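The structure appears right after this line, and notes come after that.
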Amino acid sequence: MIQNGITLQAISSTTYQWFNCDNNFAVINGATNQTYTATANGNYAVAITQNGCTDTSACYTITGVGINEINAANDFTLYPNPTTVEFTVYSEQLTVNSTIVITNTLGEVMQTVHSNSQSSIINCQLLPAGIYFVQVVTDKGSVVKKVVKQ
């Protein structure tokens with residue numbers, strides 16, 4: 001087996017079945033290719049069947065799945081939520097070259113704001129009512145929170 005970041009690759013050919021070692025070797029549905037890209041941190045193994053014989057690999061640990069988040073002490077505040085016209089994003093990490101990205105539930109970028117201060121007012125008056133995701137990106141990482149536009 002070869003591990004490259006969050007992707008594991010079986011070296012042999014024929015048939016494959018990937019397992020979640022942390023869930024009592026539960027079968028990962030649909031994970032039957034030679035490679036498997038983990039969608040969550042954990043421990044994974046593969047069973048390889050060739051010429052009627054099956055062997056299972058050791059469990060390999062995957063970490064680093066997901067976005068690089070700002071730690072809780074550097075999190076941001078979003079208010080008021082729900083909102084109707086505008087909301088404020090505040091964080092001590094919002095300094096030079098910070099970016100605030102608002103996306104809808106389909107992942108479409110609705111608005112991008114570049115911030116150079118700890119507090120940014122986002123005008124959302126033209127957005128239709130719904131749920132949006134606010135991602136704050138700084139040089140320390142990024143955090144996403146939900147905002148409701150009424």
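Since every read-out is calculated from the coordinates, none of them should be taken as a lab result. Quick caveat, the model's predicted, so the values are computed rather than measured. Cβ: placed from backbone, ideal geometry, glycine included. Neighbour counts: every protein chain shown.
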Discussion item. Checking the conditions here, which among Val143, Val148 is of a type in the set (A, V, I, L, M) and either surrounded by fewer than 12 Cβ atoms within 10 Å (Cβ to Cβ) or over 27 Å from Gly64 (Cα atoms) (or both)?
Written reply: Val148
Worksheet item: Considering only segment 26-62, how many residues are without any contact (Cβ under 8 Å) to a residue 24 or more places away in the chain, part of a loop (DSSP other than H, G, I, E, B) and under 17 Å from Thr7 (Cα atoms)?
Response: 6
Practice prompt. Determine which single condition Thr138 fails, assuming it passes every other condition in (1) within 14 Å of Tyr79 (Cα to Cα); (2) crowded, with 16+ Cβ neighbours inside 10 Å.
Written response: (1)
